[in-house]
1. Looking at the stretch 45-85, which of its residues are outside any helix (DSSP H, G or I) and β-branched (Val, Ile, Thr)?
2. Of the conditions (1) more than 19 Å from residue 31 (Cβ to Cβ); (2) in contact (Cβ under 8 Å) with a residue 12 or more places away in the chain; (3) within 19 Å of the chain's Cα centre (by Cα), residue 72 fails just one. Which one is it?
3. Consider the stretch 15-56. How many of its residues are away from the ligand (no atom under 16 Å from the Cβ), without any contact (Cβ under 8 Å) to a residue 60 or more places away in the chain and within 16 Å of residue 136 (Cβ to Cβ)?
4. Inspect the stretch 104-112 for any residue being open to solvent by less than 90 Å² (accessible area, probe 1.4 Å) and within 16 Å of the ligand (Cβ to nearest atom) and give the result as yes or no.
5. Filtering the stretch 134-155 down to residues that are away from the ligand (no atom under 11 Å from the Cβ) and under 11 Å from the mean Cα position of the chain (by Cα), which residue is nearest to residue 22 (Cα to Cα)?
6. Any residue in the stretch 113-127 that's under 14 Å from residue 42 (Cα atoms) and at pLDDT 95 or above: show its pairings with residues that are open to solvent by 80 Å² or more (accessible area, probe 1.4 Å) and β-branched (Val, Ile, Thr) at Cβ separation under 9 Å, as long as the two are six or more apart or on different chains.
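The values are calculated or read from the model by the stated rules, or taken from the named source; none is laboratory data. These numbers were taken from a predicted model, which means no experiment stands behind them. With ideal geometry, Cβ positions are generated from the backbone for all residues, glycine too; neighbour counts draw on all protein chains shown. Side chains included, ligands, DNA and RNA excluded: accessible areas come from the protein's heavy atoms. Shrake-Rupley method; radii C 1.70, N 1.55, O 1.52, S 1.80 Å.
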Amino acid sequence: MTDLALYLLHLVAGVVWTGGTLYNGLILYPSLARMPAAEAKAALKAVSVRASGSVGAAGLLVLISGPWRAWQSGAIGSVSDMFHGYGLVVLIAFLLAFFIPGIEGSLRARLRKLMDRPEDWAREAPAIARRIGIVVTLGFGAILVLMAMLGTGVY
Ligand code: HEM
């Protein structure tokens, strides 16, 4: 794949993944959390196939294109290169790109379970939705800072 094509693939996938995850965390889930449980469950069912399909696919493409770009850069020649400078920035970005969706996914699973218990939902859902928003904002914010470091050569 040409440099340009891989760059574009990484950029577009990164933008869709970041935008989709932040939309879910800052708009969709906090809004659902303020609905009655049954309505929130129906609304989530209506959007989840499209939302998880597009955001999930973008995430996967980032996790493939990121390491591929790192490899293509030639800056990582051995395992020890992963523990300083460019390699370390890439490693931290890669780990964040795994852990943040993992934490977000477990909070979303808790929300889905609560949808079958309306009283618990009304009491607990807003706080869990807020936590999702904080986790994805800090997590993806950190990844974007790391990308800016890679892009400007600050590492
Ligand atoms: C949230 C998702 C991400 C977004 C929005 C994103 C965005 C970007 C952008 C805009 C660049 C270009 C910087 C420039 O050259 O000016 C870039 C470069 C790069 N990204 Fe990401 N990225 C994301 C996640 C990741 C992850 C998880 C990895 C880890 C493996 C990664 C690895 C890289 C590498 C290796 C480069 C090339 C740096 C270079 O050699 O110039 N990215 N990314």
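1. 76
2. Going through (1) more than 19 Å from residue 31 (Cβ to Cβ); (2) in contact (Cβ under 8 Å) with a residue 12 or more places away in the chain; (3) within 19 Å of the chain's Cα centre (by Cα) one by one, residue 72 breaks only (3).
3. Number satisfying all stated conditions: 5.
4. yes
5. 137
6. No pair meets every condition.
Rundown of residues vs (1) acidic (Asp, Glu); (2) surrounded by 12 or more Cβ atoms within 10 Å (Cβ to Cβ); (3) under 13 Å from residue 24 (Cβ atoms), yes/no style:
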position: 57; (1), (2), (3): no, yes, no
position: 63; (1), (2), (3): no, yes, no
position: 82; (1), (2), (3): no, yes, no
position: 120; (1), (2), (3): yes, yes, no
position: 137; (1), (2), (3): no, yes, yes
